[in-house]
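**Student:** After the structure tokens below, expect a handful of questions from me.
The values are calculated or read from the model by the stated rules, or taken from the named source; none is laboratory data. For clarity, every value in this text was computed on a predicted model and none was experimentally measured. Heads up, the Cβs are rebuilt from the backbone with ideal geometry, glycines too, and the neighbour counts pull from every protein chain shown.
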Amino acid sequence: MRGIRNLDIVFDQKTFSISGPNGSGKSGVIDAVEFGLTGRISRLTGTGTKTLSIAEHGPHVDRVRFPDAALVRLKVYFPALNKSATITRKVSAPKKPKIEPADPAIKAAFEQLADHPEIALSRRDIVRFILVEPSRRAEEVQAILKLEEIGEKRAVLNSAQNRVNAQKRTVEAQFHAARSSLLTHMQIPSVKIDDLLAAANARRKLLGLSPLDQLTPDTRLDAGLTSISSEPAFNKQSALRDLAAMAETRKQLPELAKDAVTALLAAINTLAEDPALLTSLRRRSLVEQGMELIDGAHCPLCDSPWESERHLRDHLAIKLEKSNEAQRLQRDLFTNASLLDQAASGWLSQLTTIRRLAAALKDEAFGAAIDQWTRQLAALQGNLRSLDGLRGISGRLASGWHVVPQSFDEATTSFAKMVAELPDQTATVDAQTFLSTAQMRLADFRESVRADKAADIAVAAATGAYTTYCDVMDAELEALYDDVQQDFSTFYRLINEDDEGEFTAKLSPSAGKLDFDVNFYERGLYPPGAFHSEGHQDSMGVCLYLALMKRLFGNQFSFALLDDVVMSVDAGHRYQFCKLLKTHFKDTQFVITTHDRTWAEQMKSAGLVTGKTSLRFHSWTIDTGPLMESNVEVWDEIKTALDKNKVGVAAAALRRHLEYVSRHMADQLGAAVVFRGDGGYELNDLLPPVLARFKTICAKAADAAQSWGNDKGKTEATALKTKLSASNAASSVEQWAINKAVHYNEWENFEKRDFAPVANAFRELLECFRCEACESWLFVTPRHRPISLRCACDTVSLNLESKPK
Amino acid sequence: MPTLQAIIASKYFERLRQSKDVDAEKIAQLEQLFAFGKKIKVDELVKVFSAPAGNDIT
């Protein structure tokens, strides 16, 4: 899969390093292990990967149509269970791995691992924790700590609070319209009980009705009227005032929600100009709806079966992550739409008042005009609540949301004229209709007050519920972050104890944000990117990751993939990093990749990894995948190539292997290689000094054995020296400088029959450097002033120090 | 050991019961929603928070 054709690696249940130049396939191994364990590949998710997917980009590029053939098989040992198992996961079915044996405990352990994609950390992940805005950091850290559920609850409480607030604003608009309608009719400046009663009692007195001395919820202003008609009450003077008020409001309509409309049009225009954003937004709405409808392990959108509900939710969550810009736009759209909605509601309430007048005078034309505008505004409001609706009304918004229906002005003028020309009502009728209308409007106002109060209560409840949740969540997270920040500071101090031994850090959560400040040389707390170097920021990222993983897994933190995450950390601090992993995470197996050969060697010298638990890729080709420097199967590879008469391939493999072994043996034996500043040693630079050094060591071992009277040792040392001297390959190496015909640069031009003996000769030569029993490469110790030549199992153990004379 | 989610939920309702803004009936409804184990929908919360009509004018 990915850049790997076929590759077997034995991680040996220990921390393991993979090094190699950029593009040699290191991250391909990380991808494969991550995929094997979790069914995900981090590099195919997140920002900038919108068009990437495991299904399409998981297989090798030459096998994209065969996802069933792209698979990872991992043999995993679970220390807590003391059991091993094999998991095989195919790109064609990433959610359905095959686990053997099908032990429930093992299956559960694999499921737990699959639930933790954060076992893989790449350098770009570090940016997610360190150089990121506080709200985004909170999301990332919460995701790694599996706190999404808490974040989701906070978010849904916040959404509910916003929704309730929006409802309150609409109710408030209706309240203001009802209040205005009542005041206009009663001709009083404010809704005070005394003023209301005075206005009503003046008409009641005229009608000979008893005055009202209090206003209770049951009080009717028109109480006692004997001839309450079934017809809607009509009071001419009140109607004229209503028409005047309506005309005044109409003048102000263009200014109402003007900014909101401008913002809406800008957002709609952005969508029109960026189809990708629109697609993202559409998908977001769809996915959000889908998320809400999930009920079991079946997709609510297409009904496809999933391994589990959690997998399905994770899948949709990743899709949502990819559309943050769309989310911001969506939020702006609906915020402004809500403001316009309120403005429309206020105007609709006023139209309702006028509609009653039209009904009272049976003016069908005016009534129809009002109805038409009401329908248009209701339709507008309906469109304000969906993305497609908003896009569909851009023309309407551009020409004015309040655009007046064609017949409205004419009908209004006609109606106003009709009202004005009505004969003045008698004082009695005026008083009667005044009281009837007053009662109706008071009832409307009371209803709007009740709705407004209910909305206030809802707002208080929603706000209280949200802020309380935030307070509790922040307090708990603060305690959690205290743990994390202490571990983080401890880890960072350990790595940088030489120059930042007093380092401290502060993680401060608040309302969905997570501020992160670090001490800069005791000069105060600053954001990590403010003064610290890139190398320090790299170590901060790793330390924060390790602290979070410790908090998340506790003693169960047993495995992690670190993909080129400390490339900016300098040499001195890398040893400390090794020390950190060895001391604080001794039960965790890390797979660490690096493109830096020095760093790979440092991991070995620091004892974090050994020769057995490290691997170096030489290069990568599309046909072979990663090519290992140390390839135990190199002789099979050479034989296969020669069988196919591909001498060039065999020659390249032999040269590559010899380069690796020469470099390794130069190090193991302390050979005197002429230094090159660029580190670009070729075979010619390495192998001759290695041979010379080995001969010297063998001679020294024989002399030492002789001096101590150690016949066995002398025999062994002499045999080794003889074997080396008899090697045809060794002879060839000695002739490289004078005989171009045997030089390795010419190997690829050899015939098969000429190259095969060369390959065999070098195979025999390399055997001189290995222990026959344990097959490890021989080494001298101590390296700078050797006193013995040894192998890993001590079968070879030749003394190099002669008996003092 | 209870999860952080469970600890937060428990303390949340404890604090909410001391609040004047959210009445006992609403808290009980919220507890049901939190305990249900499913993702809570905005509509469900809005329904809980929406109160019956309030007082008349005074």
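**Student:** Working only within the stretch A:649-679, note down all residues that are over 20 Å from A:GLU746 (Cβ atoms), touching a His at 6+ places or on another chain (Cβ under 8 Å) and part of a helix (DSSP H, G or I).
**Tutor:** Passing the criteria: only A:TYR660.
**Student:** Could you say whether any residue in the stretch A:688-706 is more than 21 Å from A:GLU801 (Cβ to Cβ) and in contact with a Cys (Cβ under 7 Å, 6 or more places away or on another chain)?
**Tutor:** no
**Student:** Out of the stretch A:279-310, which residues are buried (at least 18 other Cβ atoms within 10 Å of the Cβ) and more than 14 Å from chain B (Cβ to nearest Cβ)?
**Tutor:** A:SER280, A:LEU281, A:ARG284, A:TRP306
**Student:** Restricting attention to the stretch A:67-82, which residues are touching a helix residue (DSSP H, G or I) at 6+ places or on another chain (Cβ under 6 Å) and part of a strand (DSSP E or B)?
**Tutor:** Scanning the stretch A:67-82 gives A:VAL72, A:LEU74, A:PHE78.
**Student:** Oh, and also: List, please: which pairs have Cβ atoms under 6 Å, are six or more places apart or on different chains, and start with a residue in the stretch A:154-167 that is facing chain B (nearest Cβ under 9 Å) and part of a helix (DSSP H, G or I) and end with one that is among the polar types (S, T, N, Q) and surrounded by fewer than 23 Cβ atoms within 10 Å (Cβ to Cβ)?
**Tutor:** Listed by first residue and then by second, the contacts come to A:GLN161/A:THR463.
**Student:** Also, quick follow-up: Being under 23 Å from the mean Cα position of the chain (by Cα) and among the aromatic types (Phe, Trp, Tyr) is the filter here; which residues of the stretch A:548-581 pass it?
**Tutor:** A:PHE553, A:PHE557, A:PHE559 - these are the residues of the stretch A:548-581 that are under 23 Å from the mean Cα position of the chain (by Cα) and among the aromatic types (Phe, Trp, Tyr).
**Student:** I'm trying to understand the selection: among the residues of the stretch A:297-315, which are at pLDDT below 75 and not in a helix (DSSP H, G or I)?
**Tutor:** A:ALA297, A:LEU301, A:GLU307, A:SER308
**Student:** So, of the residues in the stretch A:368-416 that are in contact with an Asp or Glu (Cβ under 6 Å, 6 or more places away or on another chain) and crowded, with 20+ Cβ neighbours inside 10 Å, which turns out to be farthest from A:LEU264 (Cα to Cα)?
**Tutor:** Restricting to residues being in contact with an Asp or Glu (Cβ under 6 Å, 6 or more places away or on another chain) and crowded, with 20+ Cβ neighbours inside 10 Å, the top hit is A:PHE415.
**Student:** Please count how many residues of the stretch A:417-438 are crowded, with 16+ Cβ neighbours inside 10 Å and of a type outside the set (Phe, Trp, Tyr).
**Tutor:** Just the residues of the stretch A:417-438 that are crowded, with 16+ Cβ neighbours inside 10 Å, to begin with: A:419, A:425, A:430-438.
The next check asks that each one be of a type outside the set (Phe, Trp, Tyr); those that pass are A:419, A:425, A:430-433, A:435-438.
The number of residues fulfilling the criteria is 10.
**Student:** Moving on. Quick one: which helices (runs of 4 or more DSSP H) sit completely within the stretch A:480-587 and have at least 2 residues that are over 26 Å from A:SER24 (Cβ atoms) and modelled with pLDDT of 80 or more?
**Tutor:** A:534-553, A:571-584
**Student:** When the residues of the stretch A:451-470 are narrowed to those that are surrounded by fewer than 20 Cβ atoms within 10 Å (Cβ to Cβ) and either within 25 Å of the chain's Cα centre (by Cα) or of a type in the set (Lys, Arg) (or both), which ends up nearest to the other protein chains (Cβ to nearest Cβ)?
**Tutor:** A:LYS453
**Student:** Out of the stretch A:720-735, which residues are closer than 21 Å to A:GLU682 by Cα and out of contact with any helix residue (DSSP H, G or I) (no Cβ under 6 Å at 6 or more places or on another chain)?
**Tutor:** Once the filter is applied, which keeps residues that are closer than 21 Å to A:GLU682 by Cα and out of contact with any helix residue (DSSP H, G or I) (no Cβ under 6 Å at 6 or more places or on another chain), the stretch A:720-735 yields A:SER731, A:GLU734.
**Student:** Just give me the residues in the stretch A:677-695 being out of contact with any Lys or Arg (no Cβ under 8 Å at 6 or more places or on another chain), farther than 15 Å from A:PHE779 by Cβ and free of Cβ contacts under 8 Å to residues at least 40 places away in the same chain, in sequence order.
**Tutor:** The answer is A:GLY677, A:ASP678, A:GLY680, A:GLU682, A:PRO689, A:ALA692.
**Student:** Against the condition under 30 Å from A:MET540 (Cβ atoms) and free of Cβ contacts under 8 Å to residues at least 12 places away in the same chain, how does A:VAL429 come out, does it pass?
**Tutor:** Taking the combined requirement at face value, the residue does not satisfy it.
**Student:** Quick one: in the stretch B:11-36, of everything that is within 10 Å of chain A (Cβ to nearest Cβ) and not in a helix (DSSP H, G or I), which residue is surrounded by the most Cβ atoms within 10 Å (Cβ to Cβ)?
**Tutor:** Among those that are within 10 Å of chain A (Cβ to nearest Cβ) and not in a helix (DSSP H, G or I), it is B:VAL22.
Condition check ((1) within 30 Å of A:ARG203 (Cα to Cα); (2) in the same structural domain as A:ALA343 (by TED's automatic domain parsing); (3) among the aromatic types (Phe, Trp, Tyr)) across all residues:
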position	(1), (2), (3)
A:VAL403	no, yes, no
A:SER407	no, yes, no
A:GLU410	no, yes, no
A:PHE415	yes, yes, yes
A:VAL419	yes, yes, no
A:MET440	yes, no, no
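**Student:** Kindly indicate whether A:SER92 is free of Cβ contacts under 8 Å to residues at least 40 places away in the same chain, out of contact with any helix residue (DSSP H, G or I) (no Cβ under 6 Å at 6 or more places or on another chain) and farther than 20 Å from A:GLN13 by Cα.
**Tutor:** Yes: the conditions hold for A:SER92.
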